[in-house]
Amino acid sequence: MDQVKDLLRQPAFVFKCINIVVGACIITGASIIIGVYAVLFGGTVITLEVYNLPSNYQTILYRYAGFLYSFVGRGVFYILVGVLITGSSPLLYSFATAVGVVGLAYVVLEFVNKFDLPPSMVPPDAIDSDVESRAVFRASQEQ
């Protein structure tokens, strides 16, 4: 017991313990944060495909995540998410590869022009009339 008290009185030992705990939190927290992003991104994509959002939500989503409404935008998004979810297990590598390949295919589809946009990727109707509801990266462009 006296040895523990002696160690706690030494600032170098206390700092070493604190740094080890912080390092463990960073390693563990990184996995949690990536998991939160993966759930958020996956939920957004599934919601766009399965659920018909009200027009005001579509307008907000188009304004702040307008890249989801084009092949190249969604393709680059899928590639980045594929890189994000890459992990140490073969299952995670296969999921990440599948997402990345779909993203690459979407980028190619942007330049092929053989296919119309799927219904989940068509911009909301209010975009034509309201300058404020345009995507942020397109807001300054004239119609």
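The values are calculated or read from the model by the stated rules, or taken from the named source; none is laboratory data. Computed from a predicted structure; not experimentally measured. Every residue, glycine as well, gets a Cβ built from its backbone with ideal geometry; the counts of neighbours run over all protein chains shown. Areas reflect the complete protein model, heavy atoms only, side chains present, ligands, DNA and RNA absent. Shrake-Rupley method; radii C 1.70, N 1.55, O 1.52, S 1.80 Å.
Per-structure values
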read-out: Search result, residues across segment 80-126 that are within 16 Å of residue 34 (Cβ to Cβ), of a type in the set (A, V, I, L, M, F, W, C) and part of a helix (DSSP H, G or I); value: 80, 81, 83, 84, 91, 92, 95, 96, 99
read-out: Residue pairs meeting the criteria (Cβ under 8 Å; at least 6 apart or on separate chains; first on the phi > 0 side of the Ramachandran plot, in segment 61-87; second part of a helix (DSSP H, G or I)); value: none
read-out: Residue list for segment 45-66, filter: assigned to a helix (DSSP H, G or I), closer than 16 Å to residue 118 by Cα and open to solvent by less than 50 Å² (accessible area, probe 1.4 Å); value: 45, 48, 58, 62, 66
read-out: Qualifying positions in segment 85-99 - surrounded by 15 or more Cβ atoms within 10 Å (Cβ to Cβ) and either modelled with pLDDT of 90 or more or of a type in the set (A, V, I, L, M) (or both); value: 85, 96, 99
read-out: Selection count, segment 1-20, where residues are modelled with pLDDT of 70 or more, surrounded by 10 or more Cβ atoms within 10 Å (Cβ to Cβ) and among the aliphatic types (A, V, I, L, M); value: 3
